[in-house]
Amino acid sequence: MRQVAKRDGSGSTPVVNFSIAVKDGFGDLELTEWWDCSWWGPRAEKVAAWLTKGRQVHVQGVPGIDKFMKKDSTRDAKLVLKVTELTLLAESRGNAGGQAAEADPAMVPGGRDGAPKEDGRMKREEDVPY
């Protein structure tokens, strides 16, 4: 993760913007793509303090492409993701193999009231029973 920025969006709705690296493949064929993410709403504002550079996260959302004009008048595009779900993962410093582990649930804020779920995932605004 890099470039975490918190601001008020349209209608004073809080929005947190950040970029994530997504790795695919392995060895000489490994490819890293950077996605610009935006997460809207009060939950995003509460979690912004935990979104620090280098932090590992698992995100779900709606992918898209943002087309824009560069300063030199050439066209370009970037991958964007409107985040709908986010899980904070433990930092991998002391973790063998560099694999991320689920964060301590006590450290993960959740839902509107800030109470964490037992599995460490963020609470949905509307839990779907199934």
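The values are calculated or read from the model by the stated rules, or taken from the named source; none is laboratory data. Source: prediction; values computed, not measured. Backbone-built Cβ (ideal geometry, glycine too); neighbour counts: all protein chains shown.
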*Hey, which of the strands (runs of 3 or more DSSP E) in the range 20-130, taking only ones fully inside, have at least 2 residues that are at pLDDT 85 or above and over 17 Å from the mean Cα position of the chain (by Cα)?*
57-69, 75-88
*Hey, could you check the range 30-63 for residues that are crowded, with 16+ Cβ neighbours inside 10 Å and aromatic (Phe, Trp, Tyr) and say which is nearest to PRO14 (Cα to Cα)?*
TRP40
